[in-house]
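Structure record follows, encoded as structure tokens.
The values are calculated or read from the model by the stated rules, or taken from the named source; none is laboratory data. Computed from a predicted model, the values in this text were never measured in an experiment. We place every Cβ from the backbone using ideal geometry, glycine too, and count neighbours over all the protein chains shown. The accessibility values were calculated without ligands, DNA or RNA, using every heavy atom of the protein model including side chains. Shrake-Rupley method; radii C 1.70, N 1.55, O 1.52, S 1.80 Å.
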Amino acid sequence: MSIYLQKVANLLQVLEEQEQQAIEQAANIIYQSIEQGGILQLFGCGHSQLIAQEAYYRAGGLVPAKAVCIEPLMLHKDAAISSENEKDLSHIEEYWSHFEFQSHDVLIVISTSEKNPIPIEIALRAKEKGIPVITLQSLAYCEQSSKHPTKKD
């Protein structure tokens with residue numbers, strides 16, 4: 001147990017050293033959005049959707065937060081199909097209709113790898129609408145290639 005706890009402590013130290021500026025910048029974007037009447041919208045596929053749900057409708061939590069829940073991209077029906085669907089852009093118009101952005105909203109796209117097409121496409125479309133996009137992802141995947149047709153990640 002002590003080895004595990006030491007590894008966790010080391011990871012938290014790295015996070016504090018390397019990511020503090022990015023976290024502060026993201027917090028400022030969210031703060032500005034909420035101050036202007038916006039909503040923090042959270043989106044993820046598969047297990048990443050669970051993180052989006054964690055921030056939504058919590059007793060004592062942030063009220064202007066909304067998890068964008070798209071059943072074909074969630075685990076509860078069929079995890080394997082969810083995994084396939086996040087790689088298939090042919091459904092994007094149907095999925096896109098679940099997003100209801102207002103001018104002051106901000107979107108957090110949650111994806112471990114940030115390499116699958118659907119999360120990338122959602123982020124690109126939100127940016128096109130002028131919605132600030134924050135990604136929550138593992139930097140360990142940065143060297144892998146994007147699966148989006150544009151190769152953006």
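Quick notes on this structure:
- Hey, Ser33 touching a strand residue (DSSP E or B) at 6+ places or on another chain (Cβ under 7 Å) and of a type outside the set (A, V, I, L, M) or not: yes
- Some residue of segment 15-23 being among the β-branched types (Val, Ile, Thr), free of Cβ contacts under 8 Å to residues at least 40 places away in the same chain, surrounded by 11 or more Cβ atoms within 10 Å (Cβ to Cβ) and assigned to a loop (DSSP other than H, G, I, E, B): no
- Total residues in segment 73-91 satisfying the condition of being within 17 Å of the chain's Cα centre (by Cα) and farther than 15 Å from Ile122 by Cα: the figure is 4.
- Test set (1) out of contact with any strand residue (DSSP E or B) (no Cβ under 7 Å at 6 or more places or on another chain); (2) part of a helix (DSSP H, G or I); (3) within 27 Å of Glu19 (Cα to Cα) - Ala52 fails condition number: (1)
- Residues within segment 14-29 that are within 17 Å of Ser138 (Cβ to Cβ) and either touching a helix residue (DSSP H, G or I) at 6+ places or on another chain (Cβ under 9 Å) or not small (Gly, Ala, Ser) (or both), tallied: 7
- Unmet requirement for Ala59, which otherwise passes all of (1) under 18 Å from the mean Cα position of the chain (by Cα); (2) part of a loop (DSSP other than H, G, I, E, B): (1)
- Boolean, Ala26 is free of Cβ contacts under 8 Å to residues at least 60 places away in the same chain, out of contact with any Phe, Trp or Tyr (no Cβ under 9 Å at 6 or more places or on another chain), open to solvent by 10 Å² or more (accessible area, probe 1.4 Å) and not hydroxyl-bearing (Ser, Thr, Tyr): no
- Residues (exposed (fewer than 13 other Cβ atoms within 10 Å of the Cβ) and not in a helix (DSSP H, G or I)) located in segment 29-49: Gln36, Gly37
- Enumeration of residues in segment 65-114 that are out of contact with any helix residue (DSSP H, G or I) (no Cβ under 6 Å at 6 or more places or on another chain) and open to solvent by less than 40 Å² (accessible area, probe 1.4 Å): Ala65, Val68, Tyr95, Phe99, Phe101, Asp105, Ile108, Glu114
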